[in-house]
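Visitor: I'd like to ask you about the structure that follows.
The values are calculated or read from the model by the stated rules, or taken from the named source; none is laboratory data. If you're wondering where the values come from, they're calculated on a predicted model, not measured in any experiment. Don't worry about glycine lacking a Cβ; one is built from the backbone with ideal geometry, like all the others, and counts go over all protein chains shown. Accessible surface areas use protein heavy atoms only, side chains included; no ligands, DNA or RNA. Shrake-Rupley method; radii C 1.70, N 1.55, O 1.52, S 1.80 Å.
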Amino acid sequence: MPTETAPQAPHPRPDGRGRPALTLLVVLLGMFTLPMAMSGTTVALPRIGSDLDASGAALQWVVVGYFLAASSVMLVAGSLGDIFGRRRVLTAGAALYSAGTLASASAHHILLLDAARLLSGVGAAGVMASGGSLLAATFTGPARTRVFAALGTTAGVGLAIGPTFSGWLVDGLGWRTTFLAFATAGALILTGTRFLAESRADAPPRVDKAGAATFIGGLSLTLFAVTQGSKSGWASGSTLLPLAVGLALLTAFVRVEKRLAATGGQPVLDLSLARDPAFLGWSLGSFGLGAGTTGILVFLPTYLQGTSGTSAREAGLVLLLMTVPVLALPPLGARLVNRGAPARHLLVLSLLLIAAGNAWLTTLHPGISTAALAGPLLTVGVGQGLSLGIIDAQALGMVEPAKVGMASGFLNTVRGGTGAVMLTLFGALLLGLVESRVGSAELAGRVTAGAGGHAGPFTEAWRITLWAVAGFVAGLAFLVRQLLRPRTTEAESLARTSPGLPEATAAQAR
């Protein structure tokens, strides 16, 4: 089994190569930029739709395509980092992200913009998967918990200021300037990777080409089918065919990985991770944090602009109510864990708060004031912020060092898949509910894109969708609680059933 090579010693040149602080700085810049690009782009959707004469699924793919590409490639990017070097994968990811974002700024057709965002998503996969694994390989113990709390805080900063920053740019200089700003940040990340130490498994195995191909193909086709269902119908051939092929490829992926592991190879995904109840619990918790917040973050600005005449900048400011707690609370969550608070309890509390916030937001109505939105949005933000900085530290702490890239890629695949799936399902449910009330798919597409009109049906659709999300996240909270509860060891069971058992004997049974 491959072992971990520690980050290289500082390079003899005075360029800062190999310094943990510099590694942290570059990775944090990436984790700042990518959430900011996601939340900021959502504010620009109504203006993009107007300028490029786009609506419905084609417009939503500006955001959905980014998540789909990122989630499909994330796991493979993490495993490739273990094999070829995490810094190398981070560099390649930053280059692709910068190129795709620059192309987004110059796109003059919605399909070209969608294609550029797909390229950006592939690059984002490399940045996120390798960034987290670099930090996990560089820091250990309480320092790792603090570093990942800083990672969550930085992502919170990006989420918090993304809508405001992008809204200001969209209103003042146009949506293309927003993409240019993100491309500049990507170029800075790319430059910073020159000064990082390399980190990889000590004895890198051969690339699991079959596993990589079946996973990327299977997940991308499955997610594409989910997005296609909202456009062409869930029973249409254009939905069912890619879904069937995608699921078949994912089934083949599992078989390939099992066969490779049985012969002593290194699969792109160690399936024992997915079978570990605790690792699965943290992964589902990460899914729940995204499932309960993505729809609000992406679609609420459109609702406010379409029903209340709110500007892009004002809509971005409203979202600060939800994103500022994500900025402030990750260090608190990490501090509580380092002082002995059970991390699993914080995660379950977070999911329950997010469910409650979604339920509270069903008070939404045209012309709603910022004060009325404060309660539900703050509740959702507090729920997300409390656990955002502890999940990676807890989950990656369970994995041997040589596989942190794989595990980081898996966690980020869950996050990216959550974004793609929830964006699609939230948008599809909104669109279907509005269409059932206004009687026209074309009109429903314009309404849900923020064109204005039919505020009543749009609001009813929002309330039903929010109740569905609240119930789903509450169910996830219960499931996560079951998966993360401490398992009774054989020694503990023996001690309880045999009170007179000497402590030394019980210790030997552990």
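Visitor: If you check every pair at least six apart or on different chains, which have Cβ atoms under 9 Å apart with a residue in region 338-352 that is free of Cβ contacts under 8 Å to residues at least 12 places away in the same chain and closer than 18 Å to PRO142 by Cα first and a residue that is open to solvent by less than 80 Å² (accessible area, probe 1.4 Å) and among the aliphatic types (A, V, I, L, M) second?
Guide: Pairs that qualify, where the first residue is free of Cβ contacts under 8 Å to residues at least 12 places away in the same chain and closer than 18 Å to PRO142 by Cα and the partner is open to solvent by less than 80 Å² (accessible area, probe 1.4 Å) and among the aliphatic types (A, V, I, L, M), are PRO342/LEU484.
Visitor: Now a separate question. Which number in (1) of a type in the set (S, T, N, Q); (2) touching a residue at least 24 places away in the same chain (Cβ under 8 Å); (3) open to solvent by 10 Å² or more (accessible area, probe 1.4 Å) marks the one condition that THR140 misses?
Guide: Condition not satisfied by THR140: (2).
Visitor: Restricting to region 334-344, give me the number of residues that are open to solvent by less than 50 Å² (accessible area, probe 1.4 Å) and modelled with pLDDT under 85.
Guide: Summing the residues that are open to solvent by less than 50 Å² (accessible area, probe 1.4 Å) and modelled with pLDDT under 85 in region 334-344 gives 1.
Visitor: Restricting attention to helices (runs of 4 or more DSSP H) lying wholly within region 395-510, give those where 1 or more residues are under 21 Å from the mean Cα position of the chain (by Cα) and modelled with pLDDT under 80.
Guide: Filter on region 395-510 gives 404-438.
Visitor: Continuing with this model, one more query. Which of the residues spanning region 345-384 are closer than 14 Å to GLY475 by Cα, open to solvent by 10 Å² or more (accessible area, probe 1.4 Å) and of a type outside the set (Gly, Ala, Ser)?
Guide: Residues satisfying the conditions are VAL348, LEU349, LEU352, LEU353.
Visitor: Just to be sure before I move on: is LEU250 among the hydrophobic types (A, V, I, L, M, F, W, C), farther than 30 Å from LEU45 by Cα, modelled with pLDDT of 80 or more and not in a loop (DSSP other than H, G, I, E, B) in the structure I sent?
Guide: yes
Visitor: Applying the selection to region 100-119, what residues are more than 21 Å from the chain's Cα centre (by Cα) and open to solvent by 50 Å² or more (accessible area, probe 1.4 Å)?
Guide: Within region 100-119, LEU102, SER106, HIS108, HIS109, LEU111, LEU112 qualify.
Visitor: While we're on this one: Looking at region 272-298, which of its residues are farther than 16 Å from LEU484 by Cα, open to solvent by 10 Å² or more (accessible area, probe 1.4 Å) and touching a Phe, Trp or Tyr at 6+ places or on another chain (Cβ under 8 Å)?
Guide: Answer for region 272-298, where residues must be farther than 16 Å from LEU484 by Cα, open to solvent by 10 Å² or more (accessible area, probe 1.4 Å) and touching a Phe, Trp or Tyr at 6+ places or on another chain (Cβ under 8 Å): just THR294.
Visitor: Let me ask something additional. Among the listed residues VAL399, VAL447, VAL404, which satisfies the condition of being more than 29 Å from LEU118 (Cβ to Cβ) and open to solvent by less than 40 Å² (accessible area, probe 1.4 Å)?
Guide: Result: VAL399 is the single residue among VAL399, VAL447, VAL404 that is more than 29 Å from LEU118 (Cβ to Cβ) and open to solvent by less than 40 Å² (accessible area, probe 1.4 Å).
Visitor: Would you check which residues across region 456-485 are of a type in the set (Ser, Thr, Tyr) and either free of Cβ contacts under 8 Å to residues at least 24 places away in the same chain or more than 30 Å from GLY281 (Cβ to Cβ) (or both) and list them? So that I can check it myself, show each step before the final result.
Guide: Here is the first cut: in region 456-485, the residues of a type in the set (Ser, Thr, Tyr) are 459, 465.
The one that is of a type in the set (Ser, Thr, Tyr) and either free of Cβ contacts under 8 Å to residues at least 24 places away in the same chain or more than 30 Å from GLY281 (Cβ to Cβ) (or both): THR459.
Visitor: Can you find a residue that is in a helix (DSSP H, G or I), in contact (Cβ under 8 Å) with a residue 12 or more places away in the chain and within 19 Å of SER369 (Cβ to Cβ) anywhere in region 259-271?
Guide: no
Visitor: Restricting to region 72-86, name every residue that is surrounded by fewer than 24 Cβ atoms within 10 Å (Cβ to Cβ) and part of a helix (DSSP H, G or I).
Guide: Hits for region 72-86 are ILE83, PHE84.
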